[in-house]
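Colleague: If you scroll down you'll find the structure; I have some questions about it.
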Amino acid sequence: MKIRTDFVTNSSSVSYLCVNCGYEQAGRDDGFEEFWFKNCAYGHELCDTCTEGVKLDDDDNVPSSECPACMLKRISPGTISSYAKKHYGFDPNALEKEIVDKFARKDGTGLRLLMEDIKDED
């Protein structure tokens, strides 16, 4: 997918991603409701499945008290990474390099070895 960072004319395609379950819907811009999504009061996009039974506010939004993102019930890996980098000096690129250096194999078994390494012991 090409990401544009400047003004685009004659563009009628859209894509929505539920911040809670990851459901994605893309297509022509026929309106937000046509894609079975709702916004919370702070703009987080939530699919209808994740908002089923939630009483919407007066602006037809999901109240922030019912939004999984606002309530920190689900935090994206990118947000966790940013927090760890700021508060603990965590460098995701260095960690990725360490993992690749330790587990990458020419025979293609690197992911299996990594998964075995991080698997919980019974």
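The values are calculated or read from the model by the stated rules, or taken from the named source; none is laboratory data. Since the structure is predicted, the reported quantities are computational estimates derived from the model, not experimental observations. All Cβ positions, even for glycine, are placed from backbone atoms using ideal geometry, and neighbour counts span all protein chains on display.
Colleague: Considering only residues that are of a type in the set (Lys, Arg), surrounded by 10 or more Cβ atoms within 10 Å (Cβ to Cβ) and not in a helix (DSSP H, G or I), look in region 74-122 and name the one that is modelled with the lowest pLDDT.
Modeller: Arg74
Colleague: Identify the single condition in (1) in a loop (DSSP other than H, G, I, E, B); (2) at pLDDT below 85; (3) surrounded by 10 or more Cβ atoms within 10 Å (Cβ to Cβ) that Glu34 does not satisfy, given that it satisfies every other one.
Modeller: (1)
Colleague: Oh, and also: Among (1) at pLDDT below 90; (2) assigned to a loop (DSSP other than H, G, I, E, B); (3) exposed (fewer than 11 other Cβ atoms within 10 Å of the Cβ), there is one condition Cys21 misses while meeting the rest; what is its number?
Modeller: Failed condition: (3).
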